[in-house]
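**Q** One structure, as structure tokens, below. Some questions next.
A short reminder: the numbers here are calculations on the coordinates, not readings from a lab. All values derive from a computational prediction rather than experimental measurement. Because the Cβ atoms are built from the backbone with ideal geometry, glycine has one as well, and the counts that use them run over all protein chains shown.
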């Protein structure tokens, strides 16, 4: 199967690429949309601009564009135009999203927009347990940084924090106490994967800025970073 992937740089879209590769699917390209405003319905806001380097590190072609509207139907039209503009020279069978399928507005809007194109739209891990998926990512060496928060119980301390087995359990307790989804389905928080086994290069954050809109709502700006080649250990026989 030949697919494209909606790629925000976050944990779920990165894991979707991982999933597609393990399935043996041909990934034609990634679609990354950077909003110019924080209230878009379908796209992550924080740190999407850094997907450009990450896509290169996976050696996958990327289509990167911006969005200045906040309407799910009109936002989905951006995706439709990208897919249909390439359908002759670079046809795909499906456009895949990360997550477990709870992002209903995103899936329905994009599915409706692509209906006449005959392109299937689905989330790679629909119906699976997100706690288990996140533990899998962390255990596989995904370096997951929280880049945006919008939920009671999440404060500025979480912005820029890398998830590990210990603080993930704390995050899980907070999600149970305050009612936000542990996998961030619904936009309770967003993430950026700065390193994982698929990357040939990794991002090192050198300077960041936290922009808070309220006590429990804000986002991270990476103001200075370094893209670093990863050292690959070659066994000596």
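**Q** Quick one: what Rg and Dmax do you get for the chain from the alpha carbons, in Å?
**A** When restricted to Cα atoms, the chain yields Rg and Dmax of 17.3, 58 Å.
**Q** Can you put 110, 27, 63 in order of Cβ neighbours within 10 angstrom, beginning with the fewest?
**A** Taking fewest neighbouring Cβ atoms as first place, the list is 63, 27, 110.
**Q** Among 97, 159, 170, which one shows the highest mean-square fluctuation when the chain is modelled as a Gaussian network with alpha-carbon springs under 10 Å?
**A** In this elastic network of the chain, the residue with the biggest mean-square fluctuation among 97, 159, 170 is 170.
**Q** Right, another one. Under 10 Å, Cα contacts only: if you run a Gaussian network model on the chain, which one of 165, 35, 72 comes out with the highest mean-square fluctuation?
**A** 165
**Q** Calculate the length of the line joining the C-alpha centroid of region 1-52 to that of region 101-147, in whole Å.
**A** Region 1-52 and region 101-147 have Cα centres spaced 9 Å from each other.
**Q** What does the helix-only formula give at 222 nm for the chain: each DSSP H stretch with n ≥ 4 adding -39500 (n - 2.57), the total divided by the residues, and the result rounded to the nearest 500 deg cm²/dmol?
**A** Rounded to the nearest 500, it is -9000 deg cm²/dmol.
**Q** Label points 7 Å out from Cα along the Cβ direction at residue 140 and residue 225: separation in nm?
**A** Here the modelled spin labels are 2.0 nm apart.
**Q** Pick from 120, 77, 89: which residue has the top mean-square fluctuation in a GNM of the chain where Cα pairs under 10 Å get a spring?
**A** Looking only at 120, 77, 89, the largest GNM fluctuation is found for 89.
**Q** Could I ask something else about it? Give me the base-10 log of I(q)/I(0) for region 98-220 at each q in 0.12 Å⁻¹, Debye formula, one uniform scatterer per Cα, rounded to two decimals.
**A** -0.51
**Q** Using Cβ contacts closer than 10 Å as the measure, can you line up 204, 104 from fewest to most?
**A** With the sparsest Cβ surroundings first, the list reads 104, 204.
**Q** Starting from a Cα-only point model with no solvent, please compute log10 I(q)/I(0) by Debye for region 1-108 at q = 0.18, 0.23, 0.24 1/Å.
**A** Evaluating at q = 0.18, 0.23, 0.24 Å⁻¹ gives log10 I(q)/I(0) of -0.88, -1.47, -1.58.
**Q** Right, something else. Counting other beta carbons within 10 Å of each residue's own, what order do 158, 25 fall into, fewest first?
**A** 25, 158
**Q** In addition: At 7 Å along Cα-to-Cβ for each site, give me the label-to-label distance between residue 200 and residue 49 in nm.
**A** In this crude spin-label approximation the distance works out to 2.6 nm.
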